[in-house]
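Just so it is clear, none of the values below were taken in a lab; they were calculated from the coordinates. Quick caveat: nothing in here was measured; it's all calculated off a predicted structure. For neighbour counting, all protein chains shown are included, and Cβ atoms are generated from backbone atoms with ideal geometry for every residue, glycine included.
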Amino acid sequence: MNFPKIVRELREQNNYTQRYVASKLGIKQSSYNNYEQGRARPEYENLVKLARLYDVSVDYLLENDII
């Protein structure tokens, strides 16, 4: 599994919208959508926010991906 798939599955498992997650990160929904589409990677600060939101580690989010 890769980062875009992981964040999408976590979001769907929690019944969150992209707009909701983006608001928690302080970014636009379109920017968050780019994460799920694999067109962009979050900066470390947003990785930490995602990990906290989903109660997982940053390592889990990245799995074996290289940023």
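The table for this structure:
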{"quantity": "Count of residues meeting criterion [closer than 15 Å to Asp55 by Cβ and not basic (Lys, Arg)] in the range 16-28", "calculated": "2"}
{"quantity": "Yes/no for Lys28 being of a type in the set (D, E, K, R) and surrounded by 14 or more Cβ atoms within 10 Å (Cβ to Cβ)", "calculated": "no"}
